[in-house]
Number of protein chains: 2
Amino acid sequence: MAERISDAEHAVMEVLWRRAPLTAIEVSDALADERNWSLQTVKTLLGRLVAKNVVAHEADGRRYLYRPLVEREDYVAGESQRLVDRLFGGRVTPLVAHLAETQQLSDKDIAEIEALLKALKS
Amino acid sequence: MAERISDAEHAVMEVLWRRAPLTAIEVSDALADERNWSLQTVKTLLGRLVAKNVVAHEADGRRYLYRPLVEREDYVAGESQRLVDRLFGGRVTPLVAHLAETQQLSDKDIAEIEALLKALKS
DNA sequence: CTCGACTGACTACAGATGTAGTCATCATCT
DNA sequence: AGATGATGACTACATCTGTAGTCAGTCGAG
């Protein structure tokens, strides 16, 4: 049932995750710098997200307030999983290895991750 | 210039990355279990990949041999970067943190990553 | 009450994507 | 030489995506 969220839709979701509920206008304003969309475009995207059941819209007088129905956490988890599955055979270690090699990790980054791992090793 | 590769196209690329050059038929056969595509479908996807300049086709008698023009490494790097940018503000550390928490990393996994990081810390 | 502003609903449309059929051509078997 | 099979080229078509215009209803100002 977890409908796929397109790129443009994702931008809208990010706004709602940051602050919700919002009206269509508010969402549009929040996107003003990033994307150069007309209000109509934002409304269409909101409509599609509602149709996909990932955003709820409740009437507030004569306009709607939109709020996300899925947690950002869940979305991020899903997308990350997709990547890991598609490109790394479902294994996280190769991904981390890849990132470690490709990206310039500062010593601070490395220390941070090491600390994190240590914490996991209960 | 790096045209975007769709999901279905990616499946074809994986085959070519594993072994190349291949004919359309061979690619189709290699995909037989995973996806249930007709030969025509595979040919269309190959055609699109050629159009996108990520696959080369050279004549071999009266059929074509297809070979990838982009390295898997580069594709993986690009896609990973996209994810990191879209979901983690371009920072790798939060992604690793997320993965570490979400996935069940075995002690062996953790040890592996730790070793990797240690190697990086010149 | 009437008119305009605000807002959602509906419609549009080009390009991408997933999936596949049909046509033309060349090689080969008989 | 004609029939048959293999193979790429071209065409098709529904759906999804990105982007946006137009219509219609309602609330507030005059």
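Karplus-based coupling profile of segment A:100-106, in residue order and whole Hz: 4, 6, 6, 6, 8, 8, 6, with θ = phi - 60° in 6.51 cos²θ - 1.76 cosθ + 1.60 and x standing for Gly or Pro.
By its C-alpha gyration tensor, with a ≥ b ≥ c as the square roots of the eigenvalues, how is chain B shaped: rounded for a/c under 1.5, else prolate for a/b larger than b/c, else oblate? Prolate.
Copy-to-copy label distances for residue A:58, where each label lies 7 Å from Cα along Cα-to-Cβ, are 6.5 nm in order of increasing length.
By definition, a body whose alpha carbon gyration tensor gives a ≥ b ≥ c is prolate when a/c is 1.5 or more and a/b is larger than b/c, and segment B:72-120 fits this prolate description.
Under a 5 Å amide H cut-off, with hydrogens placed 1.01 Å from N, residue A:55 pairs with A:50, A:69 among residues at least 5 apart or on other chains. Taking the Cα centre of chain B as the origin and placing charges on Cβ (Lys, Arg +1; Asp, Glu -1), which of B:50, B:8, B:70 is farthest toward the positive end of the dipole? Towards the positive end, the residue furthest out is B:50.
What are the residues whose amide H is under 5 Å from the amide H of residue B:64, where those residues sit 5 or more places off or on another chain and H is modelled from the backbone? Close amide H contacts, sequence-distant or interchain: B:24.
Cα centroids of segment B:54-112 and segment A:1-50: 28 Å apart. Label points for residue B:107 are taken 7 Å from Cα along Cα→Cβ. From this copy to the others they lie 3.1 nm apart, shortest first. Partners of residue B:52 within straight-line reach, counting lysines whose Cα lies under 21 Å from its Cα and excluding those fewer than 8 residues away in the same chain: B:43.
Counting Lys and Arg as +1 and Asp and Glu as -1, each charge on the Cβ, what is the dipole of segment A:7-68 about the Cα centre in debye, to the nearest 20?
Numbers: 9 positive and 9 negative charges, 48 e Å.
Once rounded to the nearest 20, the dipole reads 220 debye.
Close amide-amide hydrogen proximity is noted between residue A:20 and no other residue 5 or more places distant or on a separate chain, at a cut-off under 5 Å (H modeled in the peptide plane; Pro and chain starts excluded).
Every number here is computed from the coordinates shown, using simple stated rules; none is lab data. Worth saying up front: this structure is predicted, and the values here are computed from it rather than measured. Neighbour counts run over all protein chains shown; Cβ positions are idealised from the backbone, glycine included.
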